[in-house]
Structures are given as structure tokens and as C-alpha cells.
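The values are calculated or read from the model by the stated rules, or taken from the named source; none is laboratory data. Since this is a predicted model, take the numbers as computed values, not measurements. Cβ coordinates were reconstructed from backbone atoms using ideal geometry, including for glycine residues, and neighbour counts include every protein chain displayed. Calculation scope for accessible area: heavy atoms of the full protein, side chains included, ligands and nucleic acids excluded. Shrake-Rupley method; radii C 1.70, N 1.55, O 1.52, S 1.80 Å.
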Amino acid sequence: MKERRAQAIGYALLAAVFYSLNTPASKLLLRQIEPTVLAGLLYLGAGIGIGVLSLFRKGDQRRGERLSGKDLPFVIGMVVLDIAAPVFLMFGISRGSAANASLLGNFEIAATSVIALAVFHEAVSRRLWAAIGLITLSSALLSLEGADSFRFSCGSLFVLLATVCWGFENNCTRKISSKSTYEIVVLKGVFSGLGSLAIAAARGEHAPEIRYAALAMLLGFVAYGLSIFLYVRAQSTLGAAKTSAYYAVAPFAGALLSVVLLREQLSGMYPAAFAVMAAGTALAAADTLGDAHSRGRSRGRRTKAKQGKR
């Protein structure tokens, strides 16, 4: 069990690294591709890429059961939310800085955890509540247009809407995470991608040049496809709230890449928000590690008790 948990933590961290490429790379692609089209291409690239990988999965020992009819409500919820979330994110990135958008992505921890408690009855500790409070405060600071302004930026609000959608989506996916990861990611990618492209067509957005479309789908395969695949594998062991805590590495990596690659100017609120966000993320990760240790000690005590009886 310890080895499986360590592997799940590794999956969650690697998923975060892959996803961190999304915001700065998408900011660059938005110069050539309209927002809803880009959202569709990213997910379509994820679905098709993982679909191709599934053809070579003979050596995979964790294929999982196929999805069944009783999973349909969660699959539909997952797809609909995955249509909405990236569209909101692309609009948010196009209207604000990629560094701010990356850090705001950590509000997904708060959204996932609160929804996991309120709707799916997962346990949320006091330490995780403190982490949620700090992350929410940091998100509010990042959403302000400037140190002397109390007006919220439109771009930040779009990003926060995306994180709430993904918070619900994480919990829907958690309910089916023990099933075939390949099937989940392919369905998620293909149907969410086609849904976003249908919305783009209805809005009158134009198709990009083939080279930019190919780059968008490649980014989608890595930042969404491989990332989602590893995230779902981690969720099946760690749960929705705990996986999102480790996944919180992604926004910090994305913010760093945005500053380095895009030469973005950071707002006056950024240093304070970064510090608060880092503290909240550290608390969330500590809660996960503390939970793992306490469960290990509990199992150890039960084992000793049984041996004593013998």
C-alpha cells in the first residue's frame, strides 16, 4: 500500500509539471487562435493522443474496468464541465497575465475540497480548511486590478470560474477513477473538445492555420492528455481533495514559466499573493502527508493488537 501511495504521489506531481506548460503556451497560441477554438483543440489533442497510446497498452497492469451505464451521470458531468472550464480559462488568459492566471489555478484546490465535502462527503480536516482560507485570500488578492484598486479584473474572474468548474469536474471524475483511465481521458478529451469547437463555430470563430492547430493539439496531448491521465491514476488512490493538494505545484511552475518566457510585468499584489498562496499550498500538502502517516500508524497499532491477541 505504501508503494502504491508513493507512486500515486509521483503521478500527481508529474501531472502538475505537464499541466504547468498550459497557461504560458496557451497565452502564446492565443495570438494566432481564438479562445474557444483553442480550448477545443487542446482537449481534442488530449483525447486523440491518449486514444493512440491506448493501442499500445498491453503491458499496462492497471487497465481498469470499462465504464458502465451507472457511470453515465458522472461522465456527462465530466464532459460538460470540461467544455466550460477551458473556455473560461482561455478567455481569462486572453484578458490578463499568464502568471496571475497560473497562480489563480490553485483556487481549484479550494473548490475541489469544498465540493468534495459538501456534495461527496469526503473528510476535510482543520488544517485543510486553513489551507483553503489562505488560497482563497490569495486568489482575491490576485484578482484585484492593482494595489490601489478594489475592482476585480475580468480576466481573473474568468479564471476563477474555470477553477470552480474543474473543482466539480474533479469530483465527478473521482467517482469513476477506478475504471479504465484510457477510456475516461479519451471520452473527456474527444467529447469536450468537439463540444468546445461546436460552441466556437456558433460564435463565428475562425479555424486557425494547420501548423497552429497542430501545435495546440500537441500542447493539449501533453498538458491535458498526459496530465489528466496521471491525475486520474493518482485520484484512484489518494482521493480528489488530496490529489489536488499535490497538483498545486502546477500553478507555481506555470507562473515561473510565464515570467521567464513571456517577460510579464507582475502586479504590486503579486508578491504578497504568492506568499499567501505558498503558505496555503504547503498546509494542503502537509495535511495530505499527515493523513498518510496517521493512517500508517493506525494500521500499525491494529496489526500489533492482533499479534498480541495471538
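Once the Cα gyration tensor of region 2-71 is found, what semi-axes does its equivalent ellipsoid get, as square roots of 5 times the eigenvalues, in whole Å, sorted largest first? Could the numbers behind the result be given before it?
On the way: eigenvalues 166, 70, 28 Å².
Square roots of five times the eigenvalues give 29, 19, 12 Å.
How high is the relative contact order of region 12-123, in percent, with contacts defined as C-alpha pairs under 8 Å that are six or more residues apart? It would help to have the intermediate numbers written out before the result.
Numbers: 34 pairs, mean separation 49.1, N = 112.
Rounded, it is 44 percent for region 12-123.
Where nothing but the Cβ of Lys and Arg (+1) and of Asp and Glu (-1) is charged, how large is the charge dipole of region 32-142 around its Cα centre, in debye to the nearest 20?
Working: 9 positive and 7 negative charges, 67 e Å.
Once rounded to the nearest 20, the dipole reads 320 debye.
For the chain, compute the number of Lys pairs whose alpha carbons are separated by less than 23 Å, excluding pairs fewer than 8 positions apart on the same chain.
Taking the chain as the scope, the lysine pair count is 16.
Sort 198-207, 80-89 by the packing proxy (mean of other Cβ within 10 Å over each peptide's residues), most packed first.
Details: 198-207: 13.4, 80-89: 23.9.
Ranked from most to least packed, the peptides come out as 80-89, 198-207.
Taking the mean number of other Cβ atoms within 10 Å as a proxy for protection, how do you rank 44-56, 168-180 from highest to lowest? Each step should come with its number before you reach the end.
Numbers: 44-56: 19.2, 168-180: 23.1.
Ranked by mean Cβ neighbours within 10 Å, highest first: 168-180, 44-56.
For a quick protection proxy, order the peptides 106-113, 32-39 by their average other-Cβ count within 10 Å, most packed first.
Numbers: 106-113: 27.8, 32-39: 23.8.
Highest to lowest by the protection proxy: 106-113, 32-39.
So if each residue of separation counts as 0.36 nm, and I subtract the Cα-Cα distance between residue 203 and residue 119, what length gain in nm does that give? Intermediate values should be presented prior to the final figure.
Working: separation 84, 0.36 × 84 = 30.24 nm, distance 3.35 nm.
Stretched fully, the residue 203-residue 119 segment lengthens by 26.9 nm.
How much accessible area per residue does region 215-280 have, counting only protein heavy atoms and a probe of 1.4 Å, in square angstrom? Don't skip to the answer; put the middle values down first.
On the way: 2270 Å² over 66 residues.
About 34 Å² of surface per residue is accessible.
Which of 76, 115, 210 moves the most in a Gaussian network model of the chain with Cα springs under 10 Å?
210
Please tell me the relative contact order of the chain in percent, rounded to the nearest whole number, where contacts are Cα pairs under 8 Å and at least six residues apart. Could you put the intermediate results ahead of the total?
Values: 505 pairs, mean separation 124.6, N = 310.
Here the relative contact order equals 40 percent.
Just how large is the dipole of region 85-231 about the Cα centre, in debye to the nearest 20, putting +1 at every Lys and Arg Cβ and -1 at every Asp and Glu Cβ? Before the final figure, lay out each step's value.
On the way: 10 positive and 8 negative charges, 55 e Å.
In total the dipole reaches around 260 debye.
Carbon and sulfur: what percent of region 188-255's accessible surface (1.4 Å probe)? Present the calculation step by step, with values, prior to reporting the outcome.
Details: 1780 of 2430 Å².
Of the solvent-accessible surface of region 188-255, carbon and sulfur hold 74 percent.
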